[in-house]
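Okay, structure first, notes after.
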Amino acid sequence: MGTLTDATVDPTAVDPTIADPTAVDPTAPGTLLRLATAGSVDDGKSTLVGRLLYDSKSVLADQWDAIERVSAGRGQESADLALLTDGLRAEREQGITIDVAYRYFATQTRSFILADCPGHVQYTRNTVTGASTADAVVLLVDARKGLLEQTRRHLAVVGLLRVPHVVVAVNKIDLVDYSRDRFTELAEEIRAAAVSLGVPHVHPIPVSALVGDNVVTRAEQTMPWYEGPSLLELLEALPVADDPAGEAFRMPVQSVLRPQGAAVSPEYAEYRGYAGQVAAGVVRVGDPVVILPSGLRTTVEGIDTPDGELVEAFAPQSVVVRLSDDIDVARGDLIAAATDAPEPVKELTGTVSWLSDQPLRPGARVLLKHTTRTVRAIVAEVTGRLDLDSGQPSPADVLELNDIGTVRVRLAEPIVAEDYATSRRTGAFLLIDAHDGNTLAAGMTGTP
Amino acid sequence: MSIDVTTPPTTDTAPAGLTDAPHHYRLTRAEALESESIHLIREVVAEFERPVLLFSGGKDSVVMLHLAAKAFWPAKVPFGVLHVDTGHNFPEVLAYRDRTVERLGAHLHVASVQDYIDDGRLRERPDGTRNPLQTLPLLDAITGNKFDAVFGGGRRDEEKARAKERVISLRDEFGQWDPRNQRPELWNLYNGRHRPGEHVRAFPLSNWTELDVWSYIAAEGIELPHLYYAHEREVFDRDGMLLAVGEHARPRTDAELASVRTEQVRYRTIGDMSCTGAVLSDASDPAAVVDEVAATRITERGATRADDRLSEAAMEDRKKEGYF
C-alpha cells in the first residue's frame, strides 16, 4: 500500500486547474459514469482511488482528519490514501481490500459512481460484483511487475462482462524512472493480452498514484514524452450508455398492478398495468408488442408514471405499461417489440464466471435467474475452461472457484434469453444454489 | 502492432462511438437513480413474503417511502412501515411520521426502546445515547412480525462501512451482517434467497448522495419535518457539536452551561435528540439546502452524529450486530 510524501499533501491547497466538484449540477443530463477498479493485489488500486478523490477535492475535511489520525497512530509519516476506501476493520488491519467500496465524486462535466474492487484472487467474486455494473474499468498494472495472472483474470472478466471501456493505468511509473521504453513495452503486452482475452480496446496511461502523476493533472515535468490525457481527463471524455434508439424494445415484467380495493383513489380500482424497467430500446403508445414466452400479441395502450402519461419510454426507465387486450401476462414474462422478438429457449449455452467454493460438475441441479424469471435448471455439460495465458478455451469437465468456462444448461421452463453480446440485460443470468440460496455463478448467454 | 505512446489514447484506436447518445434518450442523474431505486423496490416486493420499510421521519426514509409510493402507483404502498422509537425523538418528527403514514394509508409498527428500558430488557447507557440500544427492539420486531425484507434508507456515501454493503444484504438468524463474506451481486439481478429465520436488508438509496437526496426533495416538492430548515433554537456545545437544550440533552458541565445560546440552526440528520447535533444554517427552503450541501466540506455524520465517534469502526460494529 502506498503512502504520500508530506510535500504532496496539503488539504488546504487549492489548485485552480482542478474542477470544483461543488459546481456540478446533479440534475444535469448525461453526467453519470459508473466506474470500477481492477488489477492484482498491491498494484495500488486503493491508493489510486484515494488519489483521484483527493486531487479532485472530493475528500471532505472530517474524512481527511480521520485517515490522518489513523495513519499517525500507526507511525506512518503521511496520510495513507488507501484508508479512504478500505473501510472495514479487517481491511485496515491487513492493509488489503476485501470487498468493493463504493465512492461518489464529481467534476464540472461528470459525476462518478466508483467501485473500488479487491485484487486478491480469493476475492475475485467481489471484483466481478463491482465490474458487472460498470461503464468503464480502470485496470492497474505495476510498471515493475507487468501483467500477473490476476491481471489477466480481471482482464478476462472485464472482457466477458463486456464493460464498454477499459483504461489500463500503468502504475508506479516513478519506480521505473518514468521510462518511456518500459511503458511502451507494457502497453504492447497489455494490448496483446486484451485482444486475446476478448477486450477489443484498451487505453494505457502511465501514472503514479503515490505522487499523483497523470491521475488528475498531466505529468508534463516527469513524463514530457507522454502527450495523452490524464486518467481523470480520459474518464470525463468517455461516452456512456448505448443509444436506446438503435435497440429493439424489451421490458421484463416485474409485477402486475391491479389495485382494486387498494387503489390510491376509486377511479383506479379497475386499473391493470404491467410494471417494469425498460431493459432495451424505446416503446411508444400504439406499438405492436408480443408477450413472451406465450407469444400472444397486442399493442401498447398507454405508458403511465405517477407524474403523468408518457408517449414513449426508453431504457432504463421504470414505467407501467397498459396493453390493449386483456391477456395473460405475469411476472417473469417479457414484453418485446413484435417486429423484432427473440425466441424462447429451454436450453442454452453460456459462459460462466464460477464464484462458489464448491466446484461445478456436470449434472448439477441449480436455479437459474434471468431478468425477472427464476427457473429450475440442470447444468448438462461443462464444455471448456478459459486458459488465462493463451486466452483460448481448454478442455474441462469441472469448473473450480474463479474459473471462467462454458456450459450447456437445460431449463425446466422456457426463458427468453438473448446473446449477452447483443443485450447485456436480457443476456445475463445467475446460477443459484437451491438449498442455501447462494449465488454460484455469473452467466452470460452465448460464447465469447 | 506498433504502439505510439505519444498519441492521445482517445484518438488512438478510435473506440466504438465516441459521441454520446442523443440527448433525447438519456436520463438525467436524478432520473437514473430514481429508476434504479424503483426497480429494486418492485423486485423486493415481488420476491419476498413480508417486506417492511424502516421509517423514522428522517429525510432518507421519507424519500424511500416517496419512491415506494411511485413504484406501485396507482396502487397504495403494499407494505407497512416500522419505526424504532428511541423515546428521545423530536416531537415534531413524530407528528410528521403519523401524518405521513395516515396520508399513504400504510400500517405503522412501532418498536419502543422505552418499553425495553422500562421492563429491564435494556439498560440506559452511561452516556445517555440510545442509538445503539435500537438493535434489540429492531431485531425483535423483525422476528415477531416475520418480516423477511427490511427496506433501509442507508446510503453508501454516509459512512465507510456502509460504502461496503450490497444493495440486498443478507442477515443471519441472529440479525448479523458478515462483511467478510457477502454474496456476489451481479448487474441488477438481485438474489434475495434466504433460509428460514434469515432476512435481508434492502437499500434502495445505496447509490444516492446527500446532495442527490436534497436535489430530489427540491425537485419533487417532498414535505419534510421543519427541523431540516433554518430556525432559531437554544443550543449548547458538546464534543464539537451543537445540541438543542431540551428534555433529553441538558448542559452538564460549567463549560456546557456557559455555552448556552440561541442560534439559527437546522438539522442535517435527525435521530435521537441526545446525540444528534444541529448545524448553523440560514437555509430555509429545499433550494437553499441544496446550495448549502453542495458547498459543505464536512460529511453529514461527521457534523452531527456522536454515536459514530465512539471508535474508528463504530458503524461496522453496530451493523454486524444487526443495526440499520
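The values are calculated or read from the model by the stated rules, or taken from the named source; none is laboratory data. Bear in mind that the values here come from a model prediction, so they are computed numbers and not experimental data. For neighbour counting, all protein chains shown are included, and Cβ atoms are generated from backbone atoms with ideal geometry for every residue, glycine included.
Here the strands (runs of 3 or more DSSP E) wholly within segment A:170-279 that include at least 2 residues being among the aliphatic types (A, V, I, L, M) and in the same structural domain as A:ALA315 (by TED's automatic domain parsing) are A:255-257. Restricting A:VAL345, A:VAL352, A:VAL320 to those that are among the hydrophobic types (A, V, I, L, M, F, W, C) and out of contact with any Pro (no Cβ under 9 Å at 6 or more places or on another chain) reduces the list to A:VAL352.
Could you please let me know if A:LEU386 is outside the structural domain of A:PRO306 (by TED's automatic domain parsing) and within 22 Å of A:VAL199 (Cα to Cα)? Against the criterion (outside the structural domain of A:PRO306 (by TED's automatic domain parsing) and within 22 Å of A:VAL199 (Cα to Cα)), A:LEU386 qualifies.
Kindly indicate the residue of segment B:170-203 that is out of contact with any helix residue (DSSP H, G or I) (no Cβ under 8 Å at 6 or more places or on another chain) and of a type in the set (Asp, Glu) and also surrounded by the most Cβ atoms within 10 Å (Cβ to Cβ) among those meeting that condition. Applying the filter and picking the extreme gives B:GLU198. Just need a number here: residues in segment A:88-101 that are touching a strand residue (DSSP E or B) at 6+ places or on another chain (Cβ under 8 Å) and either more than 11 Å from chain B (Cβ to nearest Cβ) or over 12 Å from A:GLY50 (Cα atoms) (or both). The number of residues fulfilling the criteria is 2. Among the residues of segment A:143-194, write down those that are farther than 22 Å from A:GLY212 by Cβ and among the basic types (Lys, Arg). Within segment A:143-194, A:ARG152, A:ARG153, A:ARG162, A:ARG191 qualify. Once segment A:370-408 is narrowed to residues that are within 14 Å of chain B (Cβ to nearest Cβ) and closer than 30 Å to A:VAL256 by Cα, the residue that is surrounded by the fewest Cβ atoms within 10 Å (Cβ to Cβ) is A:ARG376.
Here A:GLY50 meets the list (1) within 10 Å of chain B (Cβ to nearest Cβ); (2) modelled with pLDDT of 75 or more; (3) surrounded by 23 or more Cβ atoms within 10 Å (Cβ to Cβ); (4) not in a strand (DSSP E or B) almost entirely, failing just condition (1). If you go through segment B:191-217 and keep only what is at the interface with another protein chain (Cβ under 9 Å from one of its Cβ atoms) and either small (Gly, Ala, Ser) or under 23 Å from A:ALA442 (Cβ atoms) (or both), you end up with B:ASN191, B:GLY192, B:ARG193, B:HIS194, B:ARG195, B:GLU198, B:SER206, B:ASN207, B:SER215. Does any residue of segment B:196-207 turn out to be in contact with a Phe, Trp or Tyr (Cβ under 8 Å, 6 or more places away or on another chain) and part of a helix (DSSP H, G or I)? No, segment B:196-207 contains no residue that is in contact with a Phe, Trp or Tyr (Cβ under 8 Å, 6 or more places away or on another chain) and part of a helix (DSSP H, G or I). When we screen B:ALA30, B:ALA14 for residues that are facing chain A (nearest Cβ under 7 Å) and either modelled with pLDDT under 95 or out of contact with any helix residue (DSSP H, G or I) (no Cβ under 8 Å at 6 or more places or on another chain) (or both), the only hit is B:ALA30. Filter segment A:115-150 for residues that are buried (at least 24 other Cβ atoms within 10 Å of the Cβ) and part of a strand (DSSP E or B) and give the result. Across segment A:115-150, the qualifying residues are A:ALA115, A:ASP116, A:VAL137, A:VAL138, A:LEU139, A:LEU140, A:VAL141. Can B:ARG99 be described as in the same structural domain as B:ILE41 (by TED's automatic domain parsing), farther than 30 Å from A:ALA66 by Cα, out of contact with any strand residue (DSSP E or B) (no Cβ under 9 Å at 6 or more places or on another chain) and not β-branched (Val, Ile, Thr)? Here the answer is yes, as B:ARG99 does meet what is asked.
With the structure loaded, tell me whether B:ASP20 is more than 7 Å from chain A (Cβ to nearest Cβ), modelled with pLDDT under 85 and either at negative phi or within 19 Å of the chain's Cα centre (by Cα) (or both) or whether it fails that test.
On the way: more than 7 Å from chain A (Cβ to nearest Cβ): no; modelled with pLDDT under 85: yes; either at negative phi or within 19 Å of the chain's Cα centre (by Cα) (or both): yes.
The answer is no for B:ASP20.
Quick one: count up the residues across segment A:292-310 that are part of a loop (DSSP other than H, G, I, E, B) and within 12 Å of another protein chain (Cβ to nearest Cβ). Lay out the reasoning, then the answer.
We begin by selecting, within segment A:292-310, every residue part of a loop (DSSP other than H, G, I, E, B); these are A:293-295, A:306-307.
Next, only the ones that are within 12 Å of another protein chain (Cβ to nearest Cβ) stay: A:306-307.
Final tally of qualifying residues: 2.
Just one of the numbered conditions (1) under 25 Å from B:HIS199 (Cβ atoms); (2) assigned to a loop (DSSP other than H, G, I, E, B); (3) not aliphatic (A, V, I, L, M) is not true of B:GLN114: (2).
Considered as a group, the residues in segment A:219-232 that are surrounded by 18 or more Cβ atoms within 10 Å (Cβ to Cβ) and more than 20 Å from the chain's Cα centre (by Cα) include one that is nearest to the other protein chains (Cβ to nearest Cβ), and that residue is A:GLY228.
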